[in-house]
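Right, I'll just put the structure down here and ask away after.
Every number in this text was worked out from the coordinates using simple rules, so none of it is lab data. These numbers were taken from a predicted model, which means no experiment stands behind them. FYI the Cβ positions are ideal-geometry reconstructions off the backbone, even for glycines, and counts take in every protein chain you see.
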Amino acid sequence: MRIYLISPTHYNPDGSLHKTTRYWTSGITLPYLKALTPPEHDVSLVDELFHDVDLERECDVVGITAMGPQIKRAYDLADHFRRRAVRVVLGGTWVSLTPEESLRHANAVVVGEAENVWPQLLADFCAGYTRGIYRATKWHNLQQLPRIDYASLPLLNYEAFKRSWLYRMYFHWPVVFSRGCPHPCEYCAVQTYYQRTFRTRPLDDVLEDLRTIKRLGANRILFLDDNPIAQPETAKELFRAMIPLRLKWASQSTINMARDPELLDLAARSGCVSLSIGLESINESSLDAVRKGFNLPARFGHDLAAIRRKGIQVIALLMVGLDGDTADTFTRSLQFLEHNKISFLKLFTPCPYPGTKYYDDMARAQRILVHDWERYDYGSPLIRPANMTADEMMQGFKYVYQGFYSLRSIRRRLIPPPRGNYLETLAYLVANLKVNRYLSSHENAWATIS
């Protein structure tokens, strides 16, 4: 069969498609699905963030993976190809948590990980039928996963990478070390999807990916993991093995990275230069309300200082409008971010992701304000806050975002830079100034700026 794999973009508030000509990393789901596909099939792929989807493409099967704000565009694309009598498969976190709804837009949906169902689904299509919902009955052990072609990543401009030093510094090559997260955060689709399980790939396989990337002339890595340090001793093994490779890497992490001195030291020595940390809130009651009390806001200052002493930049992920938040939370949050010299901020409003306990709680309390998936962008008023109006939440959202990326705040946060991390600080200075410029021309900027 001729298979066309699509990663959709999302809609802008005016209904246009969000596009860019450059992105700092690339997803690997599409190349991985291509590698997972039996060799008798012809597979092509497209990431709509860069390239236009060929709506009239001659193909037998279209596979679409999506999450978050992509889902509305995914459904629209699926409907389009089905009208052309092309068979459509939908997959991804959102689809796995809402399979019945998603099946209304597709001939088949994949629930769970693809390894154990994708070849069978294609065999069924070849035989002329579909089971509708293909549900993985177990988690893959992550042994002997197929290798992807790193030189053909969908969001990589390989020619620019080879000729431009600035592009080589900008682009981070994606690698997966683990899947899942054991924490119980109720708003999180990841722990809901993985049912709080956590697994790591064989260390030798991860190191082979890293060496492959080095052979291509790269030294900047992004671990796509949701929580790579969930098993600290296993993470330490990886970091020790990475030290001789002399790479620079970034990842998501919990604040727990700072509470294990050996783990933090090994991370820095192995090349960690930045961490995206889900602080979520400076209010203990807000964190307790969504079962993220392990974050311990009283320790944030100490923990962030420990990370900074190692020369590691922190990208803070912060939510405003949780149930413990009040009108003064916005001012205190901005002061906290500046005082702790946070390098970059991704700000969110609470999102009731379908399938999560948070969604169920908000639905039961009749507090969900928006059911249009197109607006599930993490920067819109989706729920009615407990201690303020939705308008007040959005005013506070803009206050924190605009205040954080003001020239005064940029100067206070980035000077002086963390020890030994001067080049990275320069890169974050440029990124901060770009967001400052973007916010000045976009009154209602989304929270997903990156």
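Using bins 5 angstrom wide from zero, how does P(r) for segment 69-228 break down, in % of all Cα pairs?
Percent of pairs per bin, in order: 1, 8, 13, 15, 16, 16, 15, 10, 4, 1, 0.
If you don't mind, there's one more thing I want to ask. Explain nothing, just compute: Karplus ³J(HN,Hα) = 6.51 cos²θ - 1.76 cosθ + 1.60, θ = phi - 60°, for every residue of segment 338-354 in order, whole Hz, x for Gly and Pro.
The phi angles translate into 6, 4, 8, 6, 5, 6, 7, 10, 10, 9, 9, 9, x, 10, x, 5, x Hz.
Based on DSSP H runs of at least 4 residues, each adding -39500 (n - 2.57), what is the mean residue ellipticity at 222 nm of the chain after dividing by all its residues, to the nearest 500 deg cm²/dmol?
Estimated from H runs of four or more residues: -11000 deg cm²/dmol.
Taking C-beta distances below 4.7 angstrom as the pairing criterion, name the unpartnered cysteines of the chain, in sequence order.
Cys59, Cys126, Cys181, Cys272, Cys351, each lacking another Cys Cβ under 4.7 Å.
Something else now. Per-residue HN-Hα couplings for segment 91-104, Karplus 6.51 cos²θ - 1.76 cosθ + 1.60 at θ = phi - 60°, whole Hz, x for Gly and Pro?
x, x, 4, 4, 4, 5, 8, 9, x, 5, 4, 5, 5, 5
Next question, about the same structure. Would you kindly derive the ³J(HN,Hα) couplings of segment 129-146 from the backbone phi angles with the Karplus curve 6.51 cos²θ - 1.76 cosθ + 1.60 (θ = phi - 60°), listing them in order in whole Hz, with x for Gly and Pro?
Those phi angles translate into 9, 9, 8, x, 9, 9, 10, 5, 8, 7, 7, 6, 7, 6, 8, 6, 6, x Hz.
Still on this structure, please answer the following. Using alpha-carbon pairs under 8 Å, 6+ residues apart, how would you state the relative contact order of segment 304-413 in percent?
Result for segment 304-413 is 33 percent.
(1) 24.6; (2) 24.0; (3) 22.9: which one is Kirkwood radius over Cα pairs in Å as calculated from this entry?
(3)
Which whole number in µm²/s is D for segment 300-450 by Stokes-Einstein, with the Kirkwood Rh taken over Cα pairs at 37 °C and 0.692 mPa s?
200 µm²/s
Let me ask another. When you count, for each residue, the other Cβ atoms within 10 Å and take the mean per peptide, how do 290-301, 351-362 rank with the highest first?
Working: 290-301: 16.8, 351-362: 20.2.
With the highest mean Cβ count within 10 Å placed first, the list reads 351-362, 290-301.
Indicate the gyration tensor shape class of segment 93-144 (rounded, prolate or oblate), computed on the Cα atoms with a ≥ b ≥ c the square roots of the eigenvalues: a/c under 1.5 is rounded; otherwise a/b larger than b/c is prolate and the rest oblate. Write down the numbers at each step before the final one.
Working: a/c = 2.88, a/b = 1.18, b/c = 2.45.
Oblate, since a/c reaches 1.5 and b/c is not below a/b.
For segment 148-204, with only Lys/Arg (+1) and Asp/Glu (-1) charged at the beta-carbon, what is the dipole magnitude about the Cα centre, in debye rounded to 20?
Numbers: 7 positive and 4 negative charges, 19 e Å.
Roughly 80 debye, rounded to the nearest 20.
Can you bin segment 1-145 into rounded, prolate or oblate? Criterion: square roots of the alpha carbon gyration tensor eigenvalues sorted a ≥ b ≥ c, rounded for a/c under 1.5, prolate for a/b above b/c, oblate for the rest.
On the way: a/c = 1.43, a/b = 1.31, b/c = 1.09.
Taking the square roots of the gyration eigenvalues as a ≥ b ≥ c, segment 1-145 is rounded.
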